[in-house]
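Input: a single structure, listed below in structure tokens.
The values are calculated or read from the model by the stated rules, or taken from the named source; none is laboratory data. On a predicted model such as this, the values are computed, not experimentally measured, just so you know. Note that we place each Cβ from the backbone using ideal geometry, even for glycine, and neighbour counts take in every protein chain shown. Ligands, DNA and RNA are stripped out before the accessible areas are found, and what is left, the full protein with its side chains, is counted by its heavy atoms. Shrake-Rupley method; radii C 1.70, N 1.55, O 1.52, S 1.80 Å.
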Amino acid sequence: MRRICCAFATVLALAMPAVAQTPTFVFTAIPDQDETRLVEKFSRVAKYLEGKLGLPVKYVPVKSYPGTVTAFINNDVQLAWFGGFTGVQARNQAPGSEAIAQGAEDVNFKSLFIANSKLGLQASVEFPKEIVGRSFTFGSRASTSGRVMPEFFIRRALGKSPEEVFSRVGFSGDHSRTIQLVQSGAYEVGVLDYTVFDLDKKAGKFEPDRVTVLWETPTFPDYQWTIRGDVDRMFGGGFKQKVRSALLEVDDSTILGYFGRSKFIPAKNSDYQPIEDVAKATDLLN
């Protein structure tokens, strides 16, 4: 009898349709700060989105700015927190993708040119031409606030490329690292995202008396959440709108504090046309 029951149970199990597993929604972000802080920040975002979307959500860290774009294009991730330039790159190569939300501060973003305080340089309202001939570090090569827009302002003010202006040009890889390199004197001058400067200062990540802010750039559009165009097919009708709404509804002060943003507001692809125009003009976007 036991054998008959076991055989019947096996047949019944084989006859029953397989239960479809709930797909995992995966997202990433450009590595613009140290990895520990990024994991802490975006793990909390993943937990928040899980509660709002009702399905598993996973944050996957990526080692480089180009790697973030590649992961998005290849559908390894369906959502990304991009800078202005990386967002343009990703959307150009993943048709149908949309910028859906940005920080309120991202509409009028800015970069800070900083110098090692031992140089004795002073803050200026105009572009600080005293930095000519100094060693200079950008952030990542694909960073909007750490390379693309600063290079545009350098060329506009001096009529030359950075390589022609500075004694040595480097790329730190991320904004926090830029501060450290300038503070240590490894590079005399650098440029970075103003929100990271403020966050690192509040967190005691550097010694303020060893770094001087020389110049704030004119404003430009920057960071945004970009989502793939095929998410409704992958996760069900209306999913893109659910993600957009969830991001716009973020009111967790800890999450917003991690980003250095007051809130998230709607975004659209055309908001970033100025970044695309500058990238083309400086031969950074092929």
Taking the range 79-122 and keeping only residues that are farther than 28 Å from T212 by Cβ and assigned to a strand (DSSP E or B), one is left with L79, A80, W81, F82, E98, A99, I100, A101, Q102
Sole miss for L284 among (1) part of a helix (DSSP H, G or I); (2) open to solvent by less than 50 Å² (accessible area, probe 1.4 Å) is condition (1)
Per the filter on the range 68-91, residues more than 14 Å from Y223 (Cβ to Cβ) and either of a type in the set (S, T, Y) or in contact with a Leu (Cβ under 6 Å, 6 or more places away or on another chain) (or both) are T70
Filtering the range 247-270 for residues that are touching a residue at least 40 places away in the same chain (Cβ under 8 Å), part of a helix (DSSP H, G or I) and surrounded by fewer than 18 Cβ atoms within 10 Å (Cβ to Cβ) leaves a count of 4
Exception for G146 within (1) in contact (Cβ under 8 Å) with a residue 60 or more places away in the chain; (2) open to solvent by 10 Å² or more (accessible area, probe 1.4 Å); (3) closer than 25 Å to A281 by Cα falls at (2)
Taking the range 271-286 and the residues there that are in contact (Cβ under 8 Å) with a residue 12 or more places away in the chain and acidic (D, E), the one that is farthest from V107 (Cα to Cα) would be E276
Picked from the range 42-73 (must be outside any helix (DSSP H, G or I) and among the charged types (D, E, K, R)), the residue surrounded by the fewest Cβ atoms within 10 Å (Cβ to Cβ) is K63
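Residues are listed down the side, and each one gets a yes or a no for (1) open to solvent by 10 Å² or more (accessible area, probe 1.4 Å); (2) of a type outside the set (G, A, S); (3) more than 22 Å from T178 (Cβ to Cβ):
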{"position": "G84", "(1), (2), (3)": "no, no, no"}
{"position": "A90", "(1), (2), (3)": "no, no, yes"}
{"position": "G103", "(1), (2), (3)": "no, no, no"}
{"position": "D106", "(1), (2), (3)": "no, yes, no"}
{"position": "F109", "(1), (2), (3)": "no, yes, no"}
{"position": "F113", "(1), (2), (3)": "no, yes, no"}
{"position": "S117", "(1), (2), (3)": "yes, no, no"}
{"position": "I131", "(1), (2), (3)": "no, yes, no"}
{"position": "R134", "(1), (2), (3)": "yes, yes, no"}
If we keep only residues of the range 17-39 that are touching a helix residue (DSSP H, G or I) at 6+ places or on another chain (Cβ under 6 Å) and modelled with pLDDT under 95, then the residue nearest to V69 (Cα to Cα) is D32
Here the residues within the range 173-210 that are under 26 Å from V107 (Cβ atoms) and of a type in the set (G, A, S) are S176, G190, A203
Please tell me if A279 is loosely packed, with under 14 Cβ neighbours inside 10 Å and modelled with pLDDT under 95.
no
Residues in the range 138-156 that are out of contact with any His (no Cβ under 7 Å at 6 or more places or on another chain) and outside any helix (DSSP H, G or I) total 5
